[in-house]
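S.K.: One structure is given below, represented as structure tokens, and several questions about it will come after.
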Amino acid sequence: MTGHTLNEPIIFDDGAAYERYMGKWSRLVGEAFLGWMGPKSGLRWLDVGCGNGAFTDMIIERCAPASIHGIDPSEQQLAYARSQPALAGATFLNADAMALPFPDHSFDVAVMPLVIFFVPEPARGVAEMARVVGPGGTVAAYAWDMDGGGFPYELLRVQMAELGSAVPNAPRPDASGLGAMRSLWMGAGLDSVETREITVHRSFADFDDYWATVQGGPSLRSRLAGMESGNLALLKSRMQAQLKKDAAGRISCTARANAIVGRVPKG
């Protein structure tokens, strides 16, 4: 990751703000990811690090699962997910990705969307997904290319760092590279491992829309609020100058994720 970063905890405590900040990005990349996976209907799914349920919703809508469970360590995010009518058929549990509370072979698919860089020991997280998926089942993930500059708000993070505001970082940004992910999947004994890059684009109505959105980001909110007023004004000016706008003032942003899929050996 370019710029000055801090490896302090990033607290996900506002499901609604997170939906605006990252949920929409998650859906954009999730659509492409599910299209690439091409899963059958009627499968038992596990969404590891489900957050506010953005990707869980997509699984229900697109994949007609037989059942779906989501786990996350944030009770606030889970509360938001449980409040969504479209997610009424899902089961959400407060749990750790490195110690999944399920017996071996409980699922047909385990997926980790935009999460692997938050897992302190990624190899344990991948091994746990492989454990709870039955033989022939799928273990998959996608993650922003953090070290490669693929994070949706990378430009803002760089500008904040240049103005002396240290930016919190995910615990394991190195785990989101294609090579690192492939090593993790192979290390967990998974077969038929495939990877790909996914690039997505998102538009904001104008700069005010963009700025209101980033202020809800858990990794940015407190840092923006704590900036000296002169630096904050300079940051906004720099961002307005660098963000791409069309004739109507709409802002277009690009992000890049790395995706991976593998199979649990049949025997």
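Laboratory data are not the source of any read-out in this text; all were calculated from the coordinates shown. In this text the structure is predicted, and so the values were computed from the model without any measurement. Here the Cβ positions follow ideal geometry from the backbone for every residue, glycine too, while neighbour counts run over all protein chains shown.
S.K.: To the nearest Å, what is the center-to-center distance of region 238-262 and region 126-171, using C-alpha atoms only?
M.R.: The distance from the Cα centre of region 238-262 to that of region 126-171 comes to 17 Å.
S.K.: Please find the FRET efficiency linking residue 121 to residue 209, where r is the Cβ-Cβ separation and R0 is fixed at 30 Å, and quote it to the nearest 0.05.
M.R.: Once rounded, the FRET efficiency stands at 0.20.
S.K.: Using the reciprocal of the averaged 1/r over all distinct C-alpha pairs, how large is the Kirkwood radius of region 54-108 in Å?
M.R.: 12.0 Å
S.K.: From the Cα trace of the chain, what convex hull volume per residue do you get, rounded to a whole Å³?
M.R.: Convex hull of Cα atoms, per residue: 117 Å³.
S.K.: So what's the net charge close to residue 96: Lys and Arg +1, Asp and Glu -1, counting the other residues with Cβ under 12 Å from its Cβ?
M.R.: -2
S.K.: I've got another one for you. Cα axis of helix 54-63 to longest principal axis of the chain: angle in degrees, 0 to 90, nearest 10?
M.R.: The helix 54-63 is inclined about 50 degrees to the chain.
S.K.: Shifting gears a bit: Suppose R0 equals 22 Å. What FRET efficiency, 1/(1 + (r/R0)^6) with r the Cβ-Cβ distance, do residue 196 and residue 27 give to the nearest 0.05?
M.R.: 0.75
S.K.: Follow-up. Once phi is turned into ³J(HN,Hα) by the Karplus curve 6.51 cos²θ - 1.76 cosθ + 1.60 with θ = phi - 60°, what whole-Hz value does each residue of region 185-198 show in order, with x for glycine and proline?
M.R.: 5, 5, x, 7, x, 7, 9, 6, 6, 10, 9, 6, 9, 10
S.K.: Follow-up. To the nearest 10 degrees, how steep is helix 122-132 against the longest Cα principal axis of the chain, on a 0 to 90 scale?
M.R.: Taking Cα atoms only, the helix is inclined about 40 degrees.
S.K.: Give the calculated FRET efficiency between residue 41 and residue 266 to the nearest 0.05, with a Förster radius of 25 Å applied to their Cβ-Cβ distance.
M.R.: 0.75
S.K.: For the chain, what relative contact order do you get, as a whole percent, if you take Cα pairs closer than 8 Å and at least 6 residues apart?
M.R.: 24 percent
S.K.: Something else about it: For n ≥ 4 DSSP H runs only, could you compute -39500 (n - 2.57) per run for the chain, divide by its residues and tell me the 222 nm figure to the nearest 500?
M.R.: Dividing the helical sum by the residues of the chain leaves -10000 deg cm²/dmol.
S.K.: For a test of understanding, tell me how many lysine pairs in the chain have Cα atoms under 28 Å apart, given they are 8 or more places apart or on different chains.
M.R.: 7
S.K.: Separate question: What's the Cα-based Rg to Rh of region 129-239, Rh via Kirkwood?
M.R.: 1.09
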